[in-house]
Amino acid sequence: MLFSCSLFSLFLYFLHCILCTTFMFTLDDSSEVRVQLREMRPEYDFDDYLVEGHASIFNVNTMFTILAVNVPIGPTIVLIFIIRAKVLAKLCVKSAIMSSRTAKMHRTLTKVLTLQSVLPVFFGGAVGSYALCQLGVVCSPVQEHFIIE
């Protein structure tokens, strides 16, 4: 069992390395991005800032990276809530023999893990805002700030 978990962890690490490497090579030249930003937002002053990013999401490498980061969000959240339900069911069975302190710690830990499992949704929101700006559907300074942060 330990060997299969280690092998699975190594596989995930390998996928993460591929994703990071791909993402590093999808960044466009900063001067090109700066020119496009000046065309889109002439009122913004970019001279004193480092500017990096993607000129367009319609590049194969960029689209691959965006999809590879965001597609797993939904299934991961569903899986987390399924596992959460199973863990809670087992805790309910064992709650009769737990001390009140242990039960309270389990409740707190369950709340924290549930909150942590929802965090990827915020990253998906940033990418959604980025896509809406790139497609020209809607783009506001608030969205731009959300994307940058």
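All but one of (1) closer than 21 Å to ILE82 by Cβ; (2) modelled with pLDDT under 80; (3) over 14 Å from the mean Cα position of the chain (by Cα) hold for VAL118; state the number of the condition that does not hold.
(3)
Inspect segment 72-94 for any residue being basic (Lys, Arg) and not in a helix (DSSP H, G or I) and give the result as yes or no.
no
Evaluate the following for ARG41: is it open to solvent by less than 70 Å² (accessible area, probe 1.4 Å), out of contact with any Asp or Glu (no Cβ under 7 Å at 6 or more places or on another chain) and either under 20 Å from SER140 (Cβ atoms) or acidic (Asp, Glu) (or both)? Can you show your working first?
Numbers: open to solvent by less than 70 Å² (accessible area, probe 1.4 Å): yes; out of contact with any Asp or Glu (no Cβ under 7 Å at 6 or more places or on another chain): yes; either under 20 Å from SER140 (Cβ atoms) or acidic (Asp, Glu) (or both): yes.
Taking the combined requirement at face value, the residue satisfies it.
Please specify each residue of segment 132-149 satisfying the condition of being open to solvent by 80 Å² or more (accessible area, probe 1.4 Å), modelled with pLDDT of 75 or more and closer than 14 Å to LEU37 by Cα. Break it down into steps so the answer makes sense when it comes.
Of the residues in segment 132-149, the ones open to solvent by 80 Å² or more (accessible area, probe 1.4 Å) are 135, 137, 141-142, 145-146, 148-149.
Filter once more, so that each one left must be modelled with pLDDT of 75 or more: 135, 137, 141-142.
Correct list: PRO141 only.
Of the conditions (1) out of contact with any Pro (no Cβ under 8 Å at 6 or more places or on another chain); (2) surrounded by 10 or more Cβ atoms within 10 Å (Cβ to Cβ); (3) outside any loop (DSSP other than H, G, I, E, B), SER31 satisfies every one except a single condition; which number is it?
(2)
The values are calculated or read from the model by the stated rules, or taken from the named source; none is laboratory data. None of these values were measured; they are calculated from a predicted model. Note that each Cβ is placed from the backbone with ideal geometry, even for glycine, and that neighbours are counted across all protein chains shown. Accessible surface areas use protein heavy atoms only, side chains included; no ligands, DNA or RNA. Shrake-Rupley method; radii C 1.70, N 1.55, O 1.52, S 1.80 Å.
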